[in-house]
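Take a look at the structure set out below.
The values are calculated or read from the model by the stated rules, or taken from the named source; none is laboratory data. These numbers were taken from a predicted model, which means no experiment stands behind them. Here the Cβ is made from the backbone with ideal geometry for all residues, glycine too, and neighbour counts use every protein chain on show.
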Amino acid sequence: MSAAAAPEPENSASSPLPSSTAGPTPARPTAAPKSRQAYAEPEKFPIVMLGGSAGSMEAYEQFFRHLTPRSGMAFVVVTHLLPTQAEKLTPDVLQRFTPMPVHLAADGLKVRPNQVYVIPPDCYLSLMHGALFLLKPTLPPSRRMPIDFFLQTLARDARERAVCIIFSGLGSDGSVGLKLVMENFGMVMVQDPDTAAFDSMPRAALATEFVDFVLAPELMPAKLLEYVERPMLARLSRENPEESASKPAHALQKIFLLIRAQTGHDFSHYKRNTVFRRIERRMNSHQIAEFTHYVRYLQENPHEVEQLFKELLIGVTKFFRDQEAFENLQQHLRPLIADKPAHTTVRVWAPGCSTGEEAYSLAILLLEVIEEVAPDRHLKIQLFATDISAEGVDFARAGLYAENITADVSPERLQRFFVKTDGHYQICKEVRDVVVFALHNINKDAPFTKLDLLCCRNLLIYLNSDLQKSLLPIFHYALNPNGLLFLGPSENITGFQDLFQPLDLKWKISRRIETAASLPRLLNFSFSLARHIAVAPLSSPSMLPSISTRREGGPFASIVQRVLLHSFSPPAVVINAKGEILYVNGRTGKYLEPAPGLGNMNIFDMAREELSYEISGAVHRALQNRQEIKVENLRVKTDAGQQLLRLTVRYLEAPEALAGLLLVVFEDQPTPRRVRLAKDNSEGGLNRDDAVAALNKELQYTKHRLQTTIEEMESSLEELKSTNEELQSANEELQSTNEEAMTNKEEMQSLNEELMTLNMQYLAKTEELSQAANDMKNLLDATEIAIIFLDNDSLIKRFTPPVSRIVNLLPSDIGRPLAHFASNLRHERLAEDIQQVLDRLVSVEANIQTTSGDWYNMRILPYRTLDNYISGAVITFTEITELKNLEAQLQDNARFAASMQETVLEPVVALNASLQVHFSNGAFARMLGTTPAELAGQPLVALAAGGLNQPTLLDALQQLLSTSADTFNFGNLKLDLDLPDQGRCRVGLYGRRLLLLGAPTEYVLLGIEQVKPLA
């Protein structure tokens, strides 16, 4: 099944407001029995999993303090903490928050209502048949997902009685397990991220969009009790939906219509019970009690239709789901791959791919099998992963998954097939390139064909039996001979053992059996690549003008009237070869009368009894001979007695509009009185001779008609036998041709579907490349860096506009050698540098000046593709003119400063904040008998043999450094020093704070005003 898209916590079912504001304002739900009554059986009570990690203790306290001790539910607390932290959550700690008994989980401990169970440290907790069991973790602590592990067992064991609550925590533990709870019709509740100390786990759960309620911990107990007191199983009876006052069966069809009108997808083939459950979940989140009210709500809120569509598409998937199943599939894939010829393609189809985990798992498995079985045959993989959810397909195509996949994917596979980026795992390019994701509706779109493997797991269980019976022959048709069908553990091929040979009964792996038995079943499935236009069957040449046109007035009536006026004026009808009356002229009631039953305008049915045989014979002869047939002296009974009649049937060949039709004319003939009165006289009693003569004449006429009929029947019988043989032969040929045509049609439809899928994939890739090209262009334009891309032959492939300031290139110069163009660079070795980079694969960097005086930093790097191939070189020119000018200016300033130092005659020294010598002039160094270089970095207190280490001087300097004002200074500070070459002297010192741009710096200037020797 498909996965839903990213959540919308605001104003959606995933974050419902209180009942007064969540959704419409329907009537309050009817009173339902309390939880103990709702689950009548003692063992059928709700089991609530409370999951959290960092910061969840406060949430547990708020939850249990607001929960009644007699709720009728059992509570299991599962934390995601390191072993060293697990002791912080003990039964004694939780016992302070609730009067319910709190137990430490143990093997075989039966779960009972109104009790709390806590997971022990460094353990996995599971549930089976209502009892808890402990398992030792096999993964390192950083990769453990105890909440997901427990939720998977809880969902399978408790099903609709399972409740999942995610509290504050780090990571994404629980986001996979809650999908299984949702899949089994349980309830999911998440702490409002704004109230969580750590919102990573709540937000990861919300990102799945499989969340019923988003609330603060103190509001959860009331919502939980309200939900449990009105369980879905107690709301409506599905066995007799028509008997419900709200008529859910009719409402369900209306819901299907609304979904199909907005999304284009028909859910009428899905299992009713599953659909009812999904709809009831949405109704429950909006506090709507009746199906009819929900239909009205859907009509008024198109957004809710979209949310219901996503709810019906709920899909639970993960990498290598049922690890043992994939291991067995790998065993059966080995011989299949081993038989594939070299340089061929392994084709796979995974319908209902959801968010792509299973499709990528198949791709990884196939890559491993090919590497193991046929590493040197260069086999390719083409895996079609399809779904009806556009958001699911987009998510799968990106191939970016949360860190919690480490619980399902081995470290070896993570290292080889995944790249970790920003706290997520990205499917590597090698795997993404073999998987094609596309929108596809398995219920109506043509299948992919010539497959080696078809993986359809946990999709058929949501479809009704009729659709399943239609899909399995499609799967058989889509697979190659000996191709594999991989179904879910709850699905089977019952009734189709003639199409598939079971290979693994537990994990539902089957092999296609070569048979033609699937073709008749295949014809019952309606594929729709586009809207089919019904084509009416071709009419025979004798029925070219339509009956409706012939019965109406207009040109046709005018033509018929002209022919009648040209030849006859008596009553007549125009018929086709089947006897259907197309036009009536005159009063024909004496000869024709309506046939009993439904309206029928056929002359053979409407002819009077005494005319039926004659009309039939005359029409038959006229069609055979294509000439005019006349029958004289026919007798018709009328109210005045018997009337003689001439019947004329004329085959029409002109005009063209009437060609192939017949004109039947009835002409009354003069009737002798004795004939007209024959009936009355016979009743009055004719003489014997006249009666016998009349009977003999009628007998001879009857014999003649009988003989004619027999001859015509024998002739017709021979013709029918011959025709039947020809028809049988033609039928066999047509049947064979039809089967071939149908097969070709399905193959063409399948190929067309593949082309459409590939086209969509290429369009998506083109959009991505276009967006990347736009981003790259804007990036290069924004940097204003001159760049030239070269191929391995130093031919220009691409360049940026700023290059024109260095080399005069035009767009038409692409494909020409760079050496053919003169540059403004004062660098003669450009070609040699490029070749050196291509040969040695090392970069070259240099600062180069142009003839106009500008400076550029030139770097030449190898051009590496995504596959780490060298495909040329890249030359970048970064302008550094201002940097060079600044460097020259600094050098001039440095030389000027050095000149200033030597020019000043007074001894001066600059000290930093630590009172160490930053620089000194020559006079100061000579006074101390040393050089400025030796003084640099020495502390002041060490100078002059420690003579400057005097508190008066040091205090003055520290005060000078500590004050923020630039006006403080000192002068004429007298100190006695022992100076080289001068002996004991008294010196006068002054100090100033050095400024930079008018602001005080961390440096002070100490100068010597005078030096007086002491006697």
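The rows are residues; the columns are (1) small (Gly, Ala, Ser); (2) outside any strand (DSSP E or B); (3) modelled with pLDDT of 90 or more; (4) surrounded by 16 or more Cβ atoms within 10 Å (Cβ to Cβ).
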site: ALA106; (1), (2), (3), (4): yes, yes, yes, no
site: PRO121; (1), (2), (3), (4): no, yes, no, yes
site: LEU132; (1), (2), (3), (4): no, no, yes, yes
site: LEU139; (1), (2), (3), (4): no, yes, no, no
site: SER142; (1), (2), (3), (4): yes, yes, no, no
site: LEU154; (1), (2), (3), (4): no, yes, yes, yes
Exception for PHE496 within (1) among the hydrophobic types (A, V, I, L, M, F, W, C); (2) closer than 30 Å to VAL275 by Cβ; (3) assigned to a helix (DSSP H, G or I); (4) out of contact with any strand residue (DSSP E or B) (no Cβ under 7 Å at 6 or more places or on another chain) falls at (3)
Scanning segment 668-696 for residues that are exposed (fewer than 10 other Cβ atoms within 10 Å of the Cβ) and either among the basic types (Lys, Arg) or modelled with pLDDT of 80 or more (or both), which turns out nearest to LEU611 (Cα to Cα)? PRO670
Inside segment 417-459, can you point out the residues that are part of a loop (DSSP other than H, G, I, E, B), of a type in the set (S, T, N, Q) and over 23 Å from ASN759 (Cβ atoms)? ASN458
Of all residues in segment 574-604 being surrounded by fewer than 14 Cβ atoms within 10 Å (Cβ to Cβ) and among the small types (Gly, Ala, Ser), which is nearest to VAL664 (Cα to Cα)? GLY589
With respect to GLU711, determine if the residue is among the acidic types (Asp, Glu), assigned by TED's automatic domain parsing to the domain that holds GLU614 and at pLDDT 70 or above. no
Identify, please: which residue in segment 806-822 is in a helix (DSSP H, G or I) and in contact with a strand residue (DSSP E or B) (Cβ under 7 Å, 6 or more places away or on another chain) and is, among those, nearest to GLU887 (Cα to Cα)? LEU818
Those residues of segment 823-864 which are assigned to a strand (DSSP E or B), within 22 Å of LEU809 (Cα to Cα) and β-branched (Val, Ile, Thr), in sequence order: ILE848, THR850, ILE860
If you take the residues of segment 158-180 that are in contact with a Leu (Cβ under 9 Å, 6 or more places away or on another chain) and free of Cβ contacts under 8 Å to residues at least 40 places away in the same chain, which of them is nearest to GLY72 (Cα to Cα)? LEU178
For PRO670, work out the one condition from (1) more than 18 Å from ASN585 (Cα to Cα); (2) part of a strand (DSSP E or B) it doesn't fulfil. (2)
For residues in segment 898-938 being more than 26 Å from ALA956 (Cβ to Cβ) and either surrounded by 13 or more Cβ atoms within 10 Å (Cβ to Cβ) or among the aliphatic types (A, V, I, L, M) (or both), which is modelled with the lowest pLDDT? ALA898
Under 9 Å by Cβ, and 6 or more places apart or on different chains, what pairs join a residue from segment 923-947 that is closer than 17 Å to VAL987 by Cβ with one that is of a type in the set (Gly, Ala, Ser) and exposed (fewer than 13 other Cβ atoms within 10 Å of the Cβ)? ALA925/ALA933
Checking the conditions here, which among LEU652, LEU699 is modelled with pLDDT under 85 and either assigned by TED's automatic domain parsing to the domain that holds ALA595 or among the hydrophobic types (A, V, I, L, M, F, W, C) (or both)? LEU699
Of those in segment 251-277 that are under 20 Å from the mean Cα position of the chain (by Cα) and touching a residue at least 12 places away in the same chain (Cβ under 8 Å), the residue surrounded by the most Cβ atoms within 10 Å (Cβ to Cβ) is PHE267
Residue that is surrounded by the fewest Cβ atoms within 10 Å (Cβ to Cβ) [pool: residues in segment 185-207 that are more than 28 Å from ARG159 (Cβ to Cβ) and not hydroxyl-bearing (Ser, Thr, Tyr)]: ASP194
Taking only segment 978-1010 into account, find how many residues are touching a residue at least 60 places away in the same chain (Cβ under 8 Å) and among the hydrophobic types (A, V, I, L, M, F, W, C). 5
Residue tally, condition free of Cβ contacts under 8 Å to residues at least 12 places away in the same chain and not in a helix (DSSP H, G or I), over segment 865-909: 4
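The rows are residues; the columns are (1) modelled with pLDDT under 90; (2) in a loop (DSSP other than H, G, I, E, B).
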site: HIS343; (1), (2): yes, yes
site: VAL346; (1), (2): no, no
site: GLU358; (1), (2): no, no
site: LEU362; (1), (2): no, no
site: LEU365; (1), (2): no, no
site: VAL369; (1), (2): no, no
site: ALA385; (1), (2): no, no
site: VAL393; (1), (2): yes, no
Within segment 329-345, how many residues are under 14 Å from GLU372 (Cα atoms) and either of a type outside the set (S, T, N, Q) or surrounded by 14 or more Cβ atoms within 10 Å (Cβ to Cβ) (or both)? 10
Quickly run through segment 575-631 and pick out the residues that are part of a loop (DSSP other than H, G, I, E, B) and under 18 Å from LEU661 (Cα atoms). ASN576, ALA577, LYS578, GLY579, MET601, ARG626, GLN627, GLU628
Residues to consider are PHE326, PHE291, PHE309; find the one that is crowded, with 18+ Cβ neighbours inside 10 Å and modelled with pLDDT of 85 or more. PHE326
I'd like to check something: does segment 171-181 contain any residue that is modelled with pLDDT under 90, of a type in the set (D, E, K, R), in a loop (DSSP other than H, G, I, E, B) and crowded, with 23+ Cβ neighbours inside 10 Å? yes
Please work out if GLU242 is assigned to a helix (DSSP H, G or I), at pLDDT below 85, among the acidic types (Asp, Glu) and buried (at least 18 other Cβ atoms within 10 Å of the Cβ). no
